[in-house]
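What follows is a set of notes on a single structure, which appears directly below.
The values are calculated or read from the model by the stated rules, or taken from the named source; none is laboratory data. Given the structure is predicted, the values throughout are model-derived calculations rather than measurements. Every residue, glycine as well, gets a Cβ built from its backbone with ideal geometry; the counts of neighbours run over all protein chains shown.
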Amino acid sequence: MQPNCPAFIIADHRPCLRHALQHLLTGKYTRCTIKEVADTNKLLHLASDDLYNAVFIDHCLPPDGGLEAFAQLSEPYLHSPVIMFGSDCDKRKVTGALIKGVAAFFSWHDDPMHILHTVHEVLHRGVYISHEQMQAIRGIQQHHQRKKKLPRLTKREKEELPLLAKGYSTKQIAAMLYISNRTAGNYRNSLLRKTGTRNTTSLLNFAKEAGWLDDDGSDE
């Protein structure tokens, strides 16, 4: 299919939003062909029948979400770029989808002209990532690179660190972890040594920068 008479799939479980997007697309591409589906199974069945210029997938598409639908679609059907959308998109959601290979991502809160510009870029270039989205992607990639260079903590060190952040003393931490005061102190000293810090305050500042205090504490 050619970009001047494109073929689209709209995958969303809400008829009102499917119709709204269809209305927007037909207003711009009067000769386009649009097929609608409401869940991943129907999307996979439909996508196997033909080639499409773009497939629109709602981030919350049933039953397991748009990213899972995209993963299943990508394995056997690599021909159509996927444009994902959401009604209330946060930056983590958007960048996560783009990093996984989604061609573009727009929000229902975006201006209709911006949505049409996104579609135009995907039809002619295969992908559209805004400057803001690219900055967010680079930020995540840089964060992952920094995490790779961080020292690895033992299970006990990971348990003690958030307790230090909450202001508990060595004696209190020892009681909470069922270890001796000396052992709790040794874990603290090990954390200081691994991070190259001199006191608990600088240790906690390091831990916050590393992301150890705002996630599950894993090094992966």
Quick count over the range 72-96, residues being of a type in the set (A, V, I, L, M, F, W, C) and modelled with pLDDT of 90 or more, is 4
For the range 92-114 the number of residues that are surrounded by fewer than 22 Cβ atoms within 10 Å (Cβ to Cβ) and among the aromatic types (Phe, Trp, Tyr) is 1
Within the range 140-161, of all residues that are assigned to a helix (DSSP H, G or I) and either under 16 Å from residue 186 (Cβ atoms) or modelled with pLDDT of 95 or more (or both), the one nearest to the chain's Cα centre (by Cα) is 158
Restricting the range 97-114 to residues that are in contact with a Leu (Cβ under 8 Å, 6 or more places away or on another chain) and in a helix (DSSP H, G or I), the one farthest from residue 82 (Cα to Cα) turns out to be 112
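What is the residue count in the range 23-40 for residues that are farther than 20 Å from residue 117 by Cα and either free of Cβ contacts under 8 Å to residues at least 12 places away in the same chain or crowded, with 17+ Cβ neighbours inside 10 Å (or both)?
First, the residues of the range 23-40 that are farther than 20 Å from residue 117 by Cα: 35-40.
With either free of Cβ contacts under 8 Å to residues at least 12 places away in the same chain or crowded, with 17+ Cβ neighbours inside 10 Å (or both) added as a condition, the list becomes 35-38, 40.
Total meeting the criteria: 5.
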Output for Cβ contacts, cut-off 6 Å, separation at least six or different chains, first residue touching a residue at least 40 places away in the same chain (Cβ under 8 Å) in the range 181-195, second crowded, with 16+ Cβ neighbours inside 10 Å and assigned to a helix (DSSP H, G or I), reads 195/203; 195/206
Pairing a residue in the range 129-153 that is free of Cβ contacts under 8 Å to residues at least 40 places away in the same chain with any residue that is assigned to a helix (DSSP H, G or I) and among the β-branched types (Val, Ile, Thr), where Cβ atoms lie under 7 Å and the two sit 6 or more apart in sequence or on different chains, gives 133/94; 133/95
Considering the range 25-42, residues that are touching a helix residue (DSSP H, G or I) at 6+ places or on another chain (Cβ under 6 Å) and part of a helix (DSSP H, G or I), and then whichever is farthest from residue 61 (Cα to Cα), we arrive at 28
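When you look at residue 168, is it farther than 25 Å from residue 102 by Cβ and surrounded by 16 or more Cβ atoms within 10 Å (Cβ to Cβ), yes or no?
Working: farther than 25 Å from residue 102 by Cβ: yes; surrounded by 16 or more Cβ atoms within 10 Å (Cβ to Cβ): yes.
So residue 168 fits the description; yes.
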Residue hits (the range 193-204; out of contact with any Pro (no Cβ under 8 Å at 6 or more places or on another chain) and either buried (at least 16 other Cβ atoms within 10 Å of the Cβ) or over 17 Å from residue 149 (Cα atoms) (or both)) are 197, 198, 199, 200, 201, 202, 203, 204
Test residue 79 against the stated conditions and say whether it is closer than 17 Å to residue 18 by Cα, over 15 Å from the mean Cα position of the chain (by Cα) and surrounded by fewer than 13 Cβ atoms within 10 Å (Cβ to Cβ).
no
Picked from the range 115-134 (must be loosely packed, with under 13 Cβ neighbours inside 10 Å and in a helix (DSSP H, G or I)), the residue nearest to the chain's Cα centre (by Cα) is 134
**Request:** Examine the range 52-61 for a residue that is farther than 17 Å from residue 108 by Cβ, surrounded by fewer than 17 Cβ atoms within 10 Å (Cβ to Cβ) and modelled with pLDDT under 95, and state whether such a residue exists.
**Result:** no
